[in-house]
Amino acid sequence: MSSTVHLPAGGSWITLILSLCLLLVILIFAVQRVRFLYALRNVPHPFALPFVGNAYQLNTGLDEFFRNLIKWSQRYGDIFLLWVGLRPFIFLYRVEAIQPLLSSSVHIDKSLEYRYLRSWLGNGLITSEGEKWHFRRKLLTSSFHSGLLEEYLRITTREARVMISCLEKEIGKSFDVVPYAKRASLDVICDSAMGYHINAQGNTRNEYVLAVNRMANIVQQRFTNVWISSEVIFKLTSLGKEQKRSLNTIHNFIEKVISDRKMEWSRKKDGNFNEPMKKQRVLLDLLLDISQNGAVLTNEDIRDEVNTFMFAGHDTTATSISWILYALGRHPIYQEQILEEYDRIIGTDEITLESLNKLVVLDACVKESWRLYPVVPLIARNIYSPLKLMGHDIPVGSTVLINSYLLHRDARYFPEPDVYKPERFLSSNPRLPSYVFIPFSAGSRNCIGWRFATMVVKVFILSLLTAYHIESVDSEDKLCLISELVLVNKSGIRIKATPRAR
């Protein structure tokens, strides 16, 4: 008796093959996912819902979320993770894990969330990766040489005086210093980056000023709100439409400034090349110089770097100034020590970069403020190569976050970690090990403008302290800290300023 095998005909074969291929893809994905989960099996974490993970905990207040990060670090030890959907976010705060990560020449890519900045910053230094980042970093390092810092110092000194006059209307009252510091920093950065005096301190309704502040706020919301992480969904929201309007304002302004500066540059080169430009040299001049008429940097590249400098510079600098004033306002004895040193070393002379570097008490107070209130409390890296941290294999596709707020409070290196003690940073004390104090991150992807930022912060603090005695309104236990792009207090940083008789 013979049997007949019936084979599928025509399209049935195609359906079978496609079904098998689909099953194979699903199987490969499942195997990869199992391996991924297996690698993270021993990393502790709070209870996570299926598919949603710990995303529901992000719907709490951001101040509560920051408190939870501290609580979880105490509960789970040196490493823990949070699941946001299917993505693991691994938190670190011990130098043993942070040093191999930040010192690596491989793990230098920012987290995926930085894509929210691309519409604003393009492929600037913050958002670029791989060879483009290496090339751009090397190219721009010369932009912060001491000669240019002297130009920036003059701008900074001028704007610090303006801020002093702006605070006159707040004398005797409690007020949030952050908006004042932001406008002052924006004036410094705008003039230093583009040679354009925008007068944010005098004209708070300037379109560009409002657009920059709004963009920073929108980006921050996207960093912390997983529900608008999708570009398709975000563009349909009112925030997406608002971002589009703000970006048009920012890009149009920057492009006009670049165009005007290029025209002046061309006139100079077409005429007497040795004739000095009417304006001081700023970052934009150096970018135009090295662009080689578009061969090295295009107009879009230049715009991206100017926008990056504006974004990275003004918010962080303002936050730094505000927290240092808060710390000194809580410990006024150090205000007197700073001024005594200032009178002894600088006196009635103009501040110079050289004299600024001699102020060791100021330096110690600034660093101790950065330790307690790090401007950028979370530093994120996406992992594209296998990595071992704290005895755990970190799989490709993970996001690792360094909590510098907790790193800086490691009692092994900072006894009485919650106490403000600038003496820790005086030269008479033992040198700290590398990577236990990272106010500007560390490794190859540290802040390229750290010398500039340090100079700006010190000039503002000196200028404000010579004019005013500062008193902080809120005690440390009343602070509600929030980790946005920068470290903020929920109710602002409130101080009182009293004119100083000098």
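The values are calculated or read from the model by the stated rules, or taken from the named source; none is laboratory data. Since the structure is predicted, the reported quantities are computational estimates derived from the model, not experimental observations. Cβ sites come from the backbone with ideal geometry, for glycine too, and all protein chains shown count toward neighbours. Heavy atoms of the whole protein, side chains included, go into the accessibility calculation; ligands, DNA and RNA do not. Shrake-Rupley method; radii C 1.70, N 1.55, O 1.52, S 1.80 Å.
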- Item | Pair list, Cβ < 6 Å and 6+ apart or interchain, from region 279-293 residues that are open to solvent by 50 Å² or more (accessible area, probe 1.4 Å) to residues that are small (G, A, S) and modelled with pLDDT of 85 or more | K279/G195
- Task: Under 8 Å between Cβ atoms, at least 6 apart or on separate chains: pull out the pairs that start in region 80-105 with a residue that is acidic (D, E) and end on any residue that is surrounded by fewer than 22 Cβ atoms within 10 Å (Cβ to Cβ).
- Result: E96/D78; E96/M390
- Query: Quick one: which of E275, E255 is at pLDDT 85 or above and open to solvent by 30 Å² or more (accessible area, probe 1.4 Å)?
  - Reply: E255
- Query: Mind checking which residues of region 368-385 are within 17 Å of the chain's Cα centre (by Cα) and either farther than 22 Å from A312 by Cα or in a helix (DSSP H, G or I) (or both)?
  - Reply: S369, W370, R371, L372
- Looking only at region 150-186, which residues are touching an Asp or Glu at 6+ places or on another chain (Cβ under 9 Å), at pLDDT 95 or above and charged (D, E, K, R)? R158, E159
- Message: Condition first: under 20 Å from E151 (Cα atoms) and in contact (Cβ under 8 Å) with a residue 60 or more places away in the chain. Now tell me which residues in region 351-365 satisfy that.
- Response: I351, T352, L353, L356
- Item | Criterion: under 30 Å from H251 (Cα atoms) and of a type outside the set (D, E, K, R) - qualifying residue of L69, L153 | L153
- Query: Filtering region 165-195 down to residues that are farther than 18 Å from S320 by Cβ and not in a helix (DSSP H, G or I), which residue is most open to solvent (accessible area, probe 1.4 Å)?
  - Reply: K173
- Message: Name the single residue that is farthest from the chain's Cα centre (by Cα) among those in region 480-491 being in a loop (DSSP other than H, G, I, E, B) and surrounded by 17 or more Cβ atoms within 10 Å (Cβ to Cβ).
- Response: E484
- Task: Go through I126, I198 for me and flag whichever is under 24 Å from D260 (Cα atoms) and either within 18 Å of the chain's Cα centre (by Cα) or in a loop (DSSP other than H, G, I, E, B) (or both).
- Result: I198
- Filter region 103-133 down to residues that are open to solvent by less than 30 Å² (accessible area, probe 1.4 Å) and at pLDDT below 85, then give me how many there are. 2
- Query: In region 466-479, what count of residues is obtained for those that are among the charged types (D, E, K, R) and in a strand (DSSP E or B)?
  - Reply: 1
- Look through region 294-308, keep the residues that are open to solvent by 10 Å² or more (accessible area, probe 1.4 Å) and aliphatic (A, V, I, L, M), and return whichever of them is farthest from I189 (Cα to Cα). A295
- Is it fair to say I155 is assigned to a helix (DSSP H, G or I), in contact (Cβ under 8 Å) with a residue 40 or more places away in the chain and either among the β-branched types (V, I, T) or open to solvent by 10 Å² or more (accessible area, probe 1.4 Å) (or both)? yes
- Just for region 415-428: of the residues that are over 19 Å from V360 (Cβ atoms) and either surrounded by 12 or more Cβ atoms within 10 Å (Cβ to Cβ) or not acidic (D, E) (or both), which one is farthest from the chain's Cα centre (by Cα)? P415
- Message: Just checking, does region 444-465 include any residue being in contact with a strand residue (DSSP E or B) (Cβ under 8 Å, 6 or more places away or on another chain), touching a residue at least 24 places away in the same chain (Cβ under 8 Å), buried (at least 17 other Cβ atoms within 10 Å of the Cβ) and assigned to a strand (DSSP E or B)?
- Response: no
- Consider R431 against the criteria (1) without any contact (Cβ under 8 Å) to a residue 12 or more places away in the chain; (2) surrounded by 21 or more Cβ atoms within 10 Å (Cβ to Cβ): it satisfies all of them except one. Which criterion is unmet? (2)
- Query: List the pairs whose first member sits in region 27-52 and is more than 16 Å from V84 (Cα to Cα), whose second member is surrounded by 11 or more Cβ atoms within 10 Å (Cβ to Cβ) and at pLDDT 85 or above, and whose Cβ atoms are under 6 Å apart, counting only residues at least 6 apart or on separate chains?
  - Reply: A39/D393; A39/P395
- Message: Tell me whether region 102-111 contains one or more residues that are touching a helix residue (DSSP H, G or I) at 6+ places or on another chain (Cβ under 9 Å) and assigned to a helix (DSSP H, G or I).
- Response: yes
- Message: So if I check each of A55, A97, which one is open to solvent by less than 30 Å² (accessible area, probe 1.4 Å), among the aliphatic types (A, V, I, L, M) and more than 18 Å from I394 (Cα to Cα)?
- Response: A55
